1. Please determine, in degrees from 0 to 90 and to the nearest 10, the orientation of helix 45-67 with respect to the longest principal axis defined by the Cα atoms of the chain, where the helix direction is its Cα long axis.
2. Counting other beta carbons within 10 Å of each residue's own, what order do Met1, Met83 fall into, fewest first?
3. Out of all DSSP beta bridges with both ends in the chain, state the antiparallel percent to the nearest 5.
4. Placing +1 on the Cβ of each Lys and Arg and -1 on the Cβ of each Asp and Glu in the chain, which of His117, Ala10, Phe49 has its Cα farthest towards the positive end of the resulting dipole?
5. Quick one: if you take sqrt(5λ) for each eigenvalue of the C-alpha gyration tensor of the chain, what semi-axes come out, biggest first, whole angstrom?
6. Among the aspartates and glutamates, select those whose C-alpha is under 17 Å from the C-alpha of Lys100, and discard any that sit fewer than 8 residues away in the same chain.
7. Under a point-charge model restricted to the Cβ atoms of Lys and Arg (+1) and Asp and Glu (-1), what is the dipole moment magnitude of the chain relative to its Cα centre, in debye to the nearest 20?
8. Angle between the Cα long axis of helix 106-119 and the longest principal axis of the chain, 0 to 90 degrees, nearest 10?
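Nothing in this text is a laboratory measurement; each read-out follows from the coordinates by a stated rule. Because the structure is a prediction, the values reported are computed rather than measured. Reconstructed Cβ throughout: ideal geometry from the backbone, glycine too, with neighbour counts over all protein chains shown.
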Amino acid sequence: MSDVIFTSKATAKNGRDGHVRSSDGLIDLDLVNPANNKDAEGTNPEQLFAAAYSGCFDSAIHLVASQQNKKIDSETTAEVSFMKDPEDDGFKIGVTLHIKIEGVNPEEAEELAQAAHQACPYSKATRGNIEVKLNAKPSDEPS
């Protein structure tokens, strides 16, 4: 393993209808499977992954922008879809990243998103394993 900078730890109990808690207690949430129980309150693994991926990707946008001496403001929304996998009759996820970047034109927004997709640790971890779509635009352009 490479040189570890830090390690985060969380434990889930009883799967999609259970509970998840981080070692520091900041995350302490009931898990609910929205496919089976739309009315219950709680989160799900896809929602937690969306939060993590959007945070990591938005940091990568700022990293590549700073390397190009561009001053930006950005917002990344991750949509994580839970889907049937026709290859093995199981399940899979897919991600669409909606990236709004203030301070660039449409071509620069797309270039920054592509560069961030190469740099982001979550993008590296998922590359070749799940479909990830990038939807990048300047923040003044309509969604």
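1. For 45-67 against the chain, the angle is about 20 degrees.
2. Ascending Cβ contact count within 10 Å gives the list Met1, Met83.
3. Approximately 70 percent, going by the DSSP bridge assignments.
4. Ala10
5. 30, 19, 15
6. Asp58, Asp73, Glu75, Glu79, Glu108, Glu110, Glu111, Asp140, Glu141
7. Magnitude of the dipole: close to 340 debye.
8. Taking the Cα atoms of the chain, the angle to 106-119 is about 50 degrees.
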